[in-house]
């Protein structure tokens, strides 16, 4: 049962016990110190490390129209049929069906009805791939029945953002007001973008820092390798990754590269000083953060209520940098692509992050890449031209080939050698030197109709 105490930082703070990854926490008050200690507690022995994949998918009608949440053939019906046929447990917010859960995995909805699989953590990359393929098979079967095509691109290719309906989730109502006021393309980010992400464990603060700093420095390579959103609103945007461009026009306070040198303390300070997207009232209703930070919330509370660990967990999900640290380290810079290529991307980062030798080599590659220009300049080149961009007199394709070679060596160091074959689609792509956007743009230029374009962009 929560109780109020006076913390060393001053003020009466709520205490709460919340277990995480099998760790049983003693009741502690929310202070900067306890928040830093919480991240330290997430470290785990190397032999327990797992990998988790997340896959967002945009559904469109065969004629390119946006798919609404409601109606007989809408996104809600997709969730209903998945629950009825494939043993997913439904999750409601009021009367709205907003998510599903099964065997440690979940299916959630992004603000524009994008359907996201958040997979369970797995030892084997083959298990990550199998789980994602099972999900794709299920939603494809349901989508075909409802007249929904799931397209492997990073931005809705045809419909305008205003034509995409909002999912009726209370948190999104507050988010869209705040982000819409600070970012010209924030609503596009929320309603029309799609990506894949991956989550990785770390041993301790030092290991976490090495991983985060390497991932952040090499983030332009992630963007370039998986750049796959040249189309927006039925036209060529001029970007290899328009999705990447959208993130630069969303909210500078919570996007991009928040810090160059990582420590748990520096990360906590970043989170504490990021404006709250929303506050949770005692009745559970979300209200605007009104310019306050979590540090303000620690000091002053809200409506006589002190912040809880749940408030902190929610706040962590409201920042969107290229690499995000929660219970795991999450890499976030890739557009949605065909499943084998997405799995290859997860395999590449697994080889880099879970082999000590590969992580050291990738750190050297990152240090070399950082010699050329500023971080935002390298990122701008990646989102504009993908692997064809030039950094330091070399194409990003050449840099990416070095990265994939390091990843291949790293996968060879890991116990399950056969997982290394999952890297092949990415190795082939960087050898060709063309981001997926090249093929997507070629399809757009050659398609005889919108229907032909949508059919060509389907997940296979």
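Just the ratio, please: alpha-carbon radius of gyration of segment 235-299 over 2.2 N^0.38 Å, N its number of residues. Don't skip to the answer; put the middle values down first.
On the way: Rg = 15.9 Å, N = 65, 2.2 N^0.38 = 10.7 Å.
Computed over Cα atoms of segment 235-299, the ratio equals 1.48.
Where does segment 92-246 land on the Kirkwood hydrodynamic radius, alpha-carbon pairs, in angstrom? Provide the component values of the computation, followed by the final result.
Values: mean 1/r = 0.0565 Å⁻¹.
One decimal place: 17.7 Å for the Kirkwood radius.
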Problem - Equivalent ellipsoid semi-axes, segment 301-457, via Cα gyration tensor eigenvalues times 5, rooted, Å - result: 30, 24, 19
Completion exercise
In whole Å, largest first, the alpha carbons of segment 240-372 cover along the principal axes 51, 31, 27
Fill in the blank from the handout: Between residue 261 and residue 144, the two model label points (7 Å from Cα along the beta-carbon direction) sit apart by a distance in nm of 5.6
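Tell me, 354, 262 in order of fewest to most beta-carbon neighbours within 10 Å? Display every interim value, and only then the final one.
Details: 354 21, 262 24.
If I rank by nearby Cβ atoms, fewest first, I get 354, 262.
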Practice task
Kindly provide the pair-distance distribution of segment 76-145 built from C-alpha pairs, with 5 Å bins from 0 and whole-percent values in order of increasing distance.
Solution key: 4, 16, 28, 27, 16, 7, 2, 0
Completion exercise
Treating every alpha carbon of segment 357-439 as one equal point scatterer without solvent, the Debye formula yields log10 I(q)/I(0) values at q = 0.12, 0.14 Å⁻¹ of -0.39, -0.52
Problem - Taking all pairs of distinct alpha-carbon atoms in segment 199-307, Kirkwood radius in angstrom - result: 16.9
Exercise for the section: Compute the semi-axes of the equivalent ellipsoid of the chain, taking the square root of 5 times each eigenvalue of the Cα gyration tensor, and list them largest first in whole Å. Expected result: 33, 28, 22
Completion exercise
Fewest-first ordering of 413, 300, 269 by Cβ atoms within 10 Å yields 300, 413, 269
Practice task
Work out how much length residue 299 to residue 442 would gain on full extension: take 0.36 nm times their residue separation and subtract the Cα-Cα distance, in nm to one decimal.
Solution key: 46.0 nm
Exercise for the section: Would you mind calculating the relative contact order of the chain from Cα pairs under 8 angstrom and at least 6 residues apart, reporting the percent as a whole number? Expected result: 19
Problem - DSSP-defined antiparallel bridges as percent of all bridges, segment 216-347, nearest 5 - result: 75
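Plugging the Kirkwood radius over Cα pairs into Stokes-Einstein for segment 390-433, at a temperature of 37 °C and a viscosity of 0.692 mPa s, what D comes out in µm²/s? Walk me through the numbers before you get to the answer.
Numbers: Rh = 11.1 Å.
Diffusion coefficient, whole number: 297 µm²/s.
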Handout entry: Alpha carbon convex hull of segment 157-222, volume per residue in cubic angstrom
Key = 159
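Values in this text are rule-based calculations from the coordinates and carry no lab data. The model shown is predicted, which means the values in this text are computed figures rather than measured ones. Cβ: placed from backbone, ideal geometry, glycine included. Neighbour counts: every protein chain shown.
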